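*Asks:* Provided herewith is a single structure, encoded as structure tokens, for subsequent inquiry.
The values are calculated or read from the model by the stated rules, or taken from the named source; none is laboratory data. From a predicted model like this one, the values you see are computed outputs, not experimental measurements. When we count neighbours, we look across all protein chains shown, and the Cβ atoms used for this are built from the backbone with ideal geometry, even at glycine.
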Ligand SMILES: Cc1ncc(COP(=O)(O)O)c(C=O)c1O
């Protein structure tokens, strides 16, 4: 210890460096860019190696560099259209207008970074704007209140606590098949996918999972269970991770009316659908005709730059969890931090001033038609397509009809999704898997993607279909070593 102190005293810089391992990577060096090989090495040794390895086998591990908000370059310099990002990049990657504003925020701003213990100007402004925006669509929310956190799952955790605090005697939550609400333990309890839930039972709360879109069943189950025992119904207006599943148009309205009649709370999970992606600020309200009691937001609120999430609740519900002496019953260190709030505020400004919500609706409609048209011409590749605003999906035909790979029964759906994603990647389009629908690949382009890039994206998808023609052909075009690794991953998850 004495020796170290002497070192530090003799030369602060060298002394500090001596305390670090010899292979330490300096932040300044990463700014210039780490060699791609090093990135993958580090990720495989010290990160989620299974995931990075399979992405690497698929040739989609990157690391990618941002060329402009809508294009990515891989380590070989191949440039692709970015329609990935799981709906979290409403303005594309590093949009200059947001980056410029942030640079000003960092240079000129004087707010504390984490103003948890005091009021903060950025947080106040975003709280105010979110409630004003919501109340302009659902006037009953004029006195609702906001709680900020850092991810979609955390916004759901907050929603669960709000509902439980407001209805302490009610033990059950109703959710829907195909739903995705996140993977932290509470949110996972509401995400009825055995791939994610297995191994974690008993889950954090009791969910009753019903078919998405079936009002009769919902009514029957409420009556059978007893409304007093149900805290809340949690619903995505359009299910994103299930592969863009749109319920019958009267479902959300009917669900809201049923819940209100029985005194059950409603939680609209707008984490993926909200703030423009589906062509509405709040799809549950503006498209679905619901007036939810609690609304969760995340993804777009962070402008593709920082994680920001929000849970909005009606005043009495908010007070039930955080009122009076309970004000610290739910909190986190980073939620409401000035940087996140500044990004959120500016992102909403841009979405509004550039008319991106309306644009998502019109461009999304065009994209949906284009995708459907391609699928109709290549029925041996595509089983169907769906779209709602800038949330578009193609379901691929199974790439195999018989279990053939590696002597094990592969999960054909998993394999199909991976191969479909690879096919589009090779064609020059970066897309998304769907966490609850293995064969569905989704396009979630930035809401401001230029028309020429948007159209080029479909041209590439069509070209890829034309080159492959049948789903199984995608397999034969994949090098054997890669195919073996991907097949093993699809079969075993490893
Ligand atoms: C509807 C919905 N809810 C919750 C989540 C979880 O968000 P996060 O991944 O930020 O935890 C997601 C993520 O895709 C989502 O689509």
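*Asks:* Any idea how many residues of the range 237-250 are within 16 Å of the ligand (Cβ to nearest atom) and assigned to a loop (DSSP other than H, G, I, E, B)?
*Replies:* Residues flagged as within 16 Å of the ligand (Cβ to nearest atom) and assigned to a loop (DSSP other than H, G, I, E, B) within the range 237-250 amount to 9.
*Asks:* Based on what the data block shows, is residue 456 assigned by TED's automatic domain parsing to the domain that holds residue 63, surrounded by fewer than 18 Cβ atoms within 10 Å (Cβ to Cβ) and either under 22 Å from residue 85 (Cα atoms) or touching a strand residue (DSSP E or B) at 6+ places or on another chain (Cβ under 9 Å) (or both)?
*Replies:* Taking the combined requirement at face value, the residue satisfies it.
*Asks:* For the condition at pLDDT below 95 and crowded, with 17+ Cβ neighbours inside 10 Å, what is the one hit in 81, 60?
*Replies:* Exactly one of 81, 60 is at pLDDT below 95 and crowded, with 17+ Cβ neighbours inside 10 Å, namely 60.
*Asks:* Say we look at the range 322-343 and pick out the residues that are in contact with a strand residue (DSSP E or B) (Cβ under 8 Å, 6 or more places away or on another chain) and in a helix (DSSP H, G or I); which of these is farthest from the ligand (Cβ to nearest atom)?
*Replies:* 322
*Asks:* Six or more apart or on different chains, Cβ under 6 Å: which pairs go from a residue in the range 149-162 that's in contact (Cβ under 8 Å) with a residue 40 or more places away in the chain to one that's assigned to a strand (DSSP E or B) and more than 10 Å from the ligand (Cβ to nearest atom)? Could you list them?
*Replies:* From residues that are in contact (Cβ under 8 Å) with a residue 40 or more places away in the chain, the pairs are 155/311; 158/147; 158/311; 159/267; 159/294; 159/311; 162/294; 162/313.
*Asks:* Also, quick follow-up: Name every residue in the range 283-308 that is within 13 Å of the ligand (Cβ to nearest atom), in a loop (DSSP other than H, G, I, E, B) and either without any contact (Cβ under 8 Å) to a residue 24 or more places away in the chain or in contact with a helix residue (DSSP H, G or I) (Cβ under 6 Å, 6 or more places away or on another chain) (or both), in order of residue number.
*Replies:* 298, 306, 308, listed by residue number.
*Asks:* Kindly state which helices (runs of 4 or more DSSP H) lie completely within the range 148-236 and contain at least 3 residues that are within 21 Å of the chain's Cα centre (by Cα) and within 13 Å of the ligand (Cβ to nearest atom).
*Replies:* Because the criterion is at least 3 residues that are within 21 Å of the chain's Cα centre (by Cα) and within 13 Å of the ligand (Cβ to nearest atom), the helices (runs of 4 or more DSSP H) in the range 148-236 that meet it are 152-166, 185-189.
*Asks:* Looking only at the range 112-128, how many residues end up being buried (at least 17 other Cβ atoms within 10 Å of the Cβ) and touching a helix residue (DSSP H, G or I) at 6+ places or on another chain (Cβ under 8 Å)?
*Replies:* Adding up the residues that qualify gives 5.
*Asks:* Another one. The conditions are (1) more than 24 Å from the chain's Cα centre (by Cα); (2) more than 25 Å from residue 329 (Cα to Cα); (3) in a helix (DSSP H, G or I), and residue 98 fails exactly one of them. Which is it?
*Replies:* Of the numbered conditions (1) more than 24 Å from the chain's Cα centre (by Cα); (2) more than 25 Å from residue 329 (Cα to Cα); (3) in a helix (DSSP H, G or I), the odd one out for residue 98 is (1).
*Asks:* Quick test for you: out of 398, 379, pick the one residue that is touching a helix residue (DSSP H, G or I) at 6+ places or on another chain (Cβ under 8 Å) and part of a loop (DSSP other than H, G, I, E, B).
*Replies:* 398
*Asks:* Taking the stated definitions as given, is residue 369 away from the ligand (no atom under 16 Å from the Cβ), outside any loop (DSSP other than H, G, I, E, B) and not assigned by TED's automatic domain parsing to the domain that holds residue 281?
*Replies:* Here the answer is yes, as residue 369 does meet what is asked.
*Asks:* Please state which of the following conditions residue 457 fails to meet, knowing it meets all the rest: (1) at negative phi; (2) modelled with pLDDT under 95.
*Replies:* (2)
*Asks:* Cβ-Cβ below 6 Å, separation at least six or inter-chain, first residue in the range 176-188 and closer than 18 Å to residue 202 by Cβ and at pLDDT 95 or above, second in a loop (DSSP other than H, G, I, E, B) and near the ligand (Cβ under 7 Å from one of its atoms): which pairs?
*Replies:* 187/181
*Asks:* Pick out the one residue from 229, 217 that is free of Cβ contacts under 8 Å to residues at least 24 places away in the same chain and not assigned by TED's automatic domain parsing to the domain that holds residue 387.
*Replies:* 217
*Asks:* Surrounded by 19 or more Cβ atoms within 10 Å (Cβ to Cβ) and farther than 27 Å from residue 146 by Cα, is that true of residue 443?
*Replies:* yes
*Asks:* Looking only at the range 425-444, which residues are farther than 10 Å from residue 396 by Cβ and without any contact (Cβ under 8 Å) to a residue 60 or more places away in the chain?
*Replies:* 427, 433
*Asks:* Might you check whether a residue that is within 14 Å of the ligand (Cβ to nearest atom), in contact (Cβ under 8 Å) with a residue 60 or more places away in the chain and within 26 Å of residue 194 (Cα to Cα) occurs anywhere in the range 259-268?
*Replies:* Yes, the range 259-268 has at least one match.
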